[in-house]
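The next block holds one structure in the form of structure tokens; read it before the comments.
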């Protein structure tokens with residue numbers, strides 16, 4: 001999986017891993033958020049991603065692609081001194097590459 005993110009301040013992160021959808025842990029490079037990941041696809045258009053950093057849990061993400069194929073919701077669960085849940089909404093750019101999505105909005 002290749003993930004390219006451009007943050008609001010213009011900084012960029014590109015992470016990469018080679019993983020199967022069987023929940024096996026793999027090494028992740030290029031992101032300050034994690035150095036390990038495991039993922040499963042419990043049903044079509046849903047991906048559950050567990051991230052770890054320094055052999056400790058970092059966050060769990062659930063991605064759900066909407067039936068139109070253009071919209072995706074990310075629910076991110078983490079712990080930063082207390083449990084946190086953030087929901088992010090993405091829309092695929094029609095004029096951009098097939099894999100490119102952009103953030104619509106976020107809620108906490």
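The values are calculated or read from the model by the stated rules, or taken from the named source; none is laboratory data. The shown structure was predicted, so the numbers you read here are calculated from the model rather than taken from an experiment. Note: ideal-geometry Cβ built from the backbone for every residue, glycine included; neighbour counts use all protein chains shown.
What the table shows:
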| quantity | calculated |
| --- | --- |
| Selection count where residues are modelled with pLDDT of 75 or more, surrounded by 10 or more Cβ atoms within 10 Å (Cβ to Cβ) and part of a loop (DSSP other than H, G, I, E, B), scope segment 1-14 | 0 |
| Sole exception among (1) closer than 18 Å to residue 88 by Cα; (2) exposed (fewer than 15 other Cβ atoms within 10 Å of the Cβ) for residue 61, by number | (2) |
| Which listed residue, of 37, 50, 44, 76, is more than 12 Å from the chain's Cα centre (by Cα) and without any contact (Cβ under 8 Å) to a residue 40 or more places away in the chain | 44 |
| Qualifying residue in segment 15-25 (condition: over 18 Å from residue 64 (Cβ atoms), modelled with pLDDT under 90 and out of contact with any strand residue (DSSP E or B) (no Cβ under 7 Å at 6 or more places or on another chain)) | yes |
| Scope segment 52-63; condition in a strand (DSSP E or B) and out of contact with any strand residue (DSSP E or B) (no Cβ under 8 Å at 6 or more places or on another chain); matching residues | 56 |
| Residue that is nearest to residue 5 (Cα to Cα), among those in segment 24-34 that are exposed (fewer than 12 other Cβ atoms within 10 Å of the Cβ) and within 15 Å of the chain's Cα centre (by Cα) | 32 |
| Residue ID - surrounded by the fewest Cβ atoms within 10 Å (Cβ to Cβ), chosen from residues in segment 78-97 that are closer than 17 Å to residue 31 by Cβ and in contact with a strand residue (DSSP E or B) (Cβ under 8 Å, 6 or more places away or on another chain) | 86 |
| Identity of the residue in segment 28-51, in a strand (DSSP E or B) and farther than 21 Å from residue 72 by Cα, that ends up modelled with the highest pLDDT | 36 |
